[in-house]
Amino acid sequence: LTHFRSHHIALDAFLHRINAMDSPVCRHCARGVDETIQHFLFDCPAWSGARQLVVRKAGRRAESLEYLLNDERGVRVLMVFVNSTGRFRQTYGDL
């Protein structure tokens with residue numbers, strides 16, 4: 001959660017900024033945009049199935065980064081989303 005809040009999380013845009021990746025562009029979709037927190041949580045088509053689960057659990061609040069990072073229920077929903085994508089399993093394990 002701290003990594004999300006600080007924007008220092010193992011997404012391609014951050015990894016590129018610290019010279020750990022050659023490109024900031026999302027490897028999981030063909031949109032050609034940087035893999036930022038915004039893209040990962042709300043826009044990347046690779047995670048649309050997981051995103052639908054979040055919307056079913058939290059409704060429109062799931063579209064708010066502030067809700068997902070700062071509300072106790074939002075944080076739980078965020079962790080469900082993150083675990084269901086498997087995106088950080090290799091780096092952080094199950095969250």
Only one of (1) assigned to a loop (DSSP other than H, G, I, E, B); (2) surrounded by fewer than 17 Cβ atoms within 10 Å (Cβ to Cβ) does not apply to Met21, and that is (2)
What about Ala30, is it over 14 Å from Phe88 (Cα atoms), buried (at least 18 other Cβ atoms within 10 Å of the Cβ) and free of Cβ contacts under 8 Å to residues at least 40 places away in the same chain?
no
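Throughout, read-outs are computed from the coordinates displayed, never taken from laboratory work. Here the structure is a predicted model, which means the values were calculated and not measured. Every residue, glycine as well, gets a Cβ built from its backbone with ideal geometry; the counts of neighbours run over all protein chains shown.
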